[in-house]
1. Once phi is turned into ³J(HN,Hα) by the Karplus curve 6.51 cos²θ - 1.76 cosθ + 1.60 with θ = phi - 60°, what whole-Hz value does each residue of region 411-426 show in order, with x for glycine and proline?
2. Mind jotting down the distance between the C-alpha centroids of region 49-100 and region 235-268, whole Å?
3. In whole percent, how big is the carbon plus sulfur part of the accessible area of region 264-351, probe 1.4 Å, protein atoms only?
4. As a check on your grasp of the helix formula, calculate [θ] at 222 nm for the chain: sum -39500 (n - 2.57) over DSSP H runs of n ≥ 4, divide by the residue count, round to the nearest 500.
5. Residues with amide H under 5 Å of Tyr421's amide H, sequence separation 5 or more or different chain, H placed in the peptide plane at 1.01 Å from N; which?
6. Using θ = phi - 60° and the Karplus curve 6.51 cos²θ - 1.76 cosθ + 1.60, what whole-Hz ³J(HN,Hα) does each residue of region 231-245 get, with Gly and Pro shown as x?
7. Determine the percent antiparallel among the DSSP beta bridges restricted to the chain, to the nearest 5.
8. Restricting to DSSP loop positions (anything but H, G, I, E, B) with no more than 15 other Cβ atoms inside 10 Å of their own Cβ, which trypsin sites (Lys or Arg not before Pro) remain in region 353-452?
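The values are calculated or read from the model by the stated rules, or taken from the named source; none is laboratory data. Please read all numbers here as calculations on a predicted model, not as lab measurements. Cβ atoms come from the backbone with ideal geometry, glycine included; neighbour counts cover every protein chain shown. Just the protein is used for accessible areas: all its heavy atoms, side chains included, with ligands, DNA and RNA removed. Shrake-Rupley method; radii C 1.70, N 1.55, O 1.52, S 1.80 Å.
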Amino acid sequence: MNLILVMEVKMMDNIKEKVLPNGLNIIAVQKKKLPIFQLSLIINVGSVDDPKGKEGLANLTANLIDEGTKKYNTIEIAEKFEELGTNLSISVDDWTTNISIKSLTQNAEKSLELLSDIILNPTFPKEEFEKIKKRIISNIISQKSDPDYVSSILLSQLLYKDHPLAHPTLGYESSLLNIKREDVIEFYNNFYIPNNSTLIIVSDLEVNKSIRIVEKFFSKWQKKALNRKQISDIDYPKSKEVYVYHFPGINQAFVFLGSKGISRDNKDFNKFRVVNYILGGSGFSSRIVKTIRVKYGYAYWAYSRMNGGYKRDNKVFEGSFIAGFSTKVESGNHAIELLLDEISKAINEGFKEDELKSAKSYYEGSIARQGQTYSQVANIIFNAKLWNLPYDYWIKDIEEIKKLNLNEVNETAKKFLPKDYVILVLADTSQFKFNLKGFDKIEIRDFKINEN
């Protein structure tokens with residue numbers, strides 16, 4: 001084990017968890033390198049919790065949380081964080097809302113005082129509500145001309161169908177127009193509660209001191225009953241389907257394949273990471289890039305990726321497997337054929353020893369670097385908590401990958417690489433004609449983002 005890993009493993013030994021009487025779960029880690037205080041408040045609510053017809057509500061609520069409190073308006077909040085040299089960041093994904101601050105340790109208490117005011121006492125001013133909603137709608141409208149954005153939205157709709165994962169985090173133009181300020185307030189009251197949140201501190205402070213500071217400002221956050229709709233299982237594709245969308249005026253074909261993946265707690269997760277790395281996750285050394293870009297010169301970018309899904313209320317939602325590229329319309333059909341052929345060869349013929357050796361070398365270096373920054377450590381801690389993994393799971397990942405043999409990796413490719421999938425092609429159909437065979441369904445559609 002190299003010196004960096006030894007240092008990070010020791011850091012992970014200095015960790016403490018405490019659940020406050022209001023249900024707020026606090027996890028503190030001491031990282032002594034710099035006088036930095038990083039705090040991530042992760043609220044277990046995301047775009048999957050958007051009500052039908054009001055998609056984008058989770059994102060809009062998060063974007064309004066720092067726009068005014070009972071004590072300060074939006075300008076005063078921004079000025080106070082700037083005076084402290086504290087960076088505030090807010091993000092929303094499918095499953096969570098993450099509100100983070102990063103400051104010098106000497107300014108931790110003042111930064112936390114301001115942050116707690118934002119979380120506990122937002123006023124959601126009407127004028128800011130209207131302004132931010134218009135800004136998001138403008139962003140959505142402007143991105144409709146971007147084939148990359150459109151492809152990502154359409155792929156989610158095809159892959160997830162009627163599931164809450166199908167709609168974009170931003171929502172739709174029409175759904176944003178349906179959202180009232182009262183909806184934001186109700187959403188905040190329902191989900192922004194301590195017993196639905198995890199607060200992770202990574203700083204140079206001793207862990208008990210970090211926890212005491214947080215208790216000082218968040219112990220009065222009131223616990224409430226959490227009433228959340230149950231999220232249905234994901235109905236991943238069970239056949240081979242192709243959907244070609246007409247997007248006028250572009251000279252490229254944007255192609256994406258989507259299918260069921262595996263969850264982070266699957267015993268074969270690290271094996272499948274290696275499979276994905278060799279197939280399409282490793283840049284120029286991956287098979288997909290070597291074939292589609294290097295050998296044939298069809299694409300500037302080509303890749304495959306996987307995600308580990310999510311777990312909520314002890315229910316596991318398996319992740320997805322995605323592969324994609326863009327190419328000139330005249331090479332579109334052959335490039336799709338090449339992508340499917342590489343997946344088929346990986347399933348039926350497997351990989352080679354030198355490919356496995358390269359993957360092992362990559363993960364030994366890249367995983368080790370995942371625990372170097374304060375935000376990376378916070379992410380490691382959250383994943384460990386989410387999936388009931390040991391806090392040093394990322395180190396154990398390296399050890400497990402180093403021990404893998406070729407037979408294990410090839411069996412995993414057979415088991416988890418897609419046999420059933422959906423393929424999205426976004427192209428100008430006056431120039432591109434899909435002519436491949438062997439699919440259960442092929443459908444040509446005019447481009448329209450389904451907002452129903």
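1. 5, 5, 4, 4, 6, 10, 5, x, 9, 10, 6, 10, 10, 9, 10, 10
2. Cα centroid to Cα centroid, the span is 32 Å.
3. 46 percent
4. -12000 deg cm²/dmol
5. Counting only residues 5 or more places away or on other chains, the set is Ser239, Lys240, Glu241.
6. 8, 6, 5, 8, 9, 5, x, 10, 7, 9, 10, 10, 10, 9, 9
7. That works out to approximately 70 percent antiparallel.
8. In loop regions of region 353-452 (DSSP not H, G, I, E or B), the sparsely surrounded trypsin sites (Lys or Arg not before Pro) are Lys403, Lys419, Lys433, Lys437, Lys448.
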